[in-house]
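Peer 1: Just passing along the structure, written as structure tokens.
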Amino acid sequence: MKIILIIIALIIIYILITYNLLVKKRIRVQQAKSGIDIYLKQRFDLIPNLVECVKGYCEYEKDTITQIAKLRTQYTQNKDLETGAELNKTINNLIAVAENYPELKANEQFTMLEKSLTKIESQLQASRRLYNGEVTALNISVDTFPSNLIAKIFHIKKEKLFELESSNEAKNININITDEENTNE
């Protein structure tokens, strides 16, 4: 009888430890996603200044600014990672436009804003890598035996990795202002 009680106690302890590990991993995923939100918020706060600086130098930005504002609002309302990826692509378009204007690049305010945006983009990229690492750790635990049994019992689900929607989003952007047309190289 003692052996059965010891085995039951060990099983209960194992379940509690595994459950707590799964919960910690789920919280780390949420924290990593929050980190992405923080850097996106910083970028959103910087964007109006960058846009105002760019406005004085080119016509093309009108559609881009409208698109950025729309995506920024959508992301702020629903924190959707796909919207964040689309916003990232649009901001990259804006930066590419700015790079085609030497007088804009020489502007001290633009240079400062561009450096700040570059720093935030770097931090955002690191945050996305952290998020994907935490999601991967959680997903491995949810999929592997015997922790997958505990995950199923307590309804702990796999999370989605942050990914670009298409390989075109990872390519350099080529902007042709005269035709007002964006094409990917």
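Peer 1: Going by the structure shown, is GLU159 closer than 21 Å to VAL29 by Cβ, at pLDDT below 75 and either aliphatic (A, V, I, L, M) or not in a helix (DSSP H, G or I) (or both)? So that I can check it myself, show each step before the final result.
Peer 2: Numbers: closer than 21 Å to VAL29 by Cβ: yes; at pLDDT below 75: no; either aliphatic (A, V, I, L, M) or not in a helix (DSSP H, G or I) (or both): yes.
The answer is no for GLU159.
Peer 1: Do we have any residue at all in region 84-102 that's in a helix (DSSP H, G or I), of a type in the set (Gly, Ala, Ser) and either modelled with pLDDT of 80 or more or closer than 30 Å to LYS25 by Cα (or both)?
Peer 2: As a first pass, look at region 84-102 and keep what is in a helix (DSSP H, G or I): 84-99, 102.
Imposing the further condition that a residue be of a type in the set (Gly, Ala, Ser) reduces the set to 84-85, 96, 98.
Among the residues that remain, those that are also either modelled with pLDDT of 80 or more or closer than 30 Å to LYS25 by Cα (or both) are: 84-85.
Within region 84-102, one or more residues are in a helix (DSSP H, G or I), of a type in the set (Gly, Ala, Ser) and either modelled with pLDDT of 80 or more or closer than 30 Å to LYS25 by Cα (or both).
Peer 1: Here is a follow-up. So for region 23-39 (the condition being closer than 14 Å to PHE154 by Cα, part of a helix (DSSP H, G or I) and among the aliphatic types (A, V, I, L, M)), does at least one residue qualify?
Peer 2: Checking region 23-39: at least one residue is closer than 14 Å to PHE154 by Cα, part of a helix (DSSP H, G or I) and among the aliphatic types (A, V, I, L, M).
Peer 1: Which of (1) surrounded by fewer than 13 Cβ atoms within 10 Å (Cβ to Cβ); (2) assigned to a helix (DSSP H, G or I); (3) modelled with pLDDT under 70 is the odd one out, the single condition ASP45 does not satisfy?
Peer 2: (3)
Peer 1: I've got another one for you. It is to be established whether one or more residues within region 111-122 are assigned to a helix (DSSP H, G or I) and at pLDDT 90 or above. Before the answer, list the steps.
Peer 2: Step one: list which residues in region 111-122 are assigned to a helix (DSSP H, G or I), which gives 111-122.
With the extra rule that they be at pLDDT 90 or above, the set shrinks to none.
No, every residue in region 111-122 fails to be assigned to a helix (DSSP H, G or I) and at pLDDT 90 or above.
The values are calculated or read from the model by the stated rules, or taken from the named source; none is laboratory data. Note that the structure is a prediction, hence the values are computed from the model and not measured. Glycine also receives a Cβ, built like all others from the backbone with ideal geometry; neighbour counts cover every protein chain displayed.
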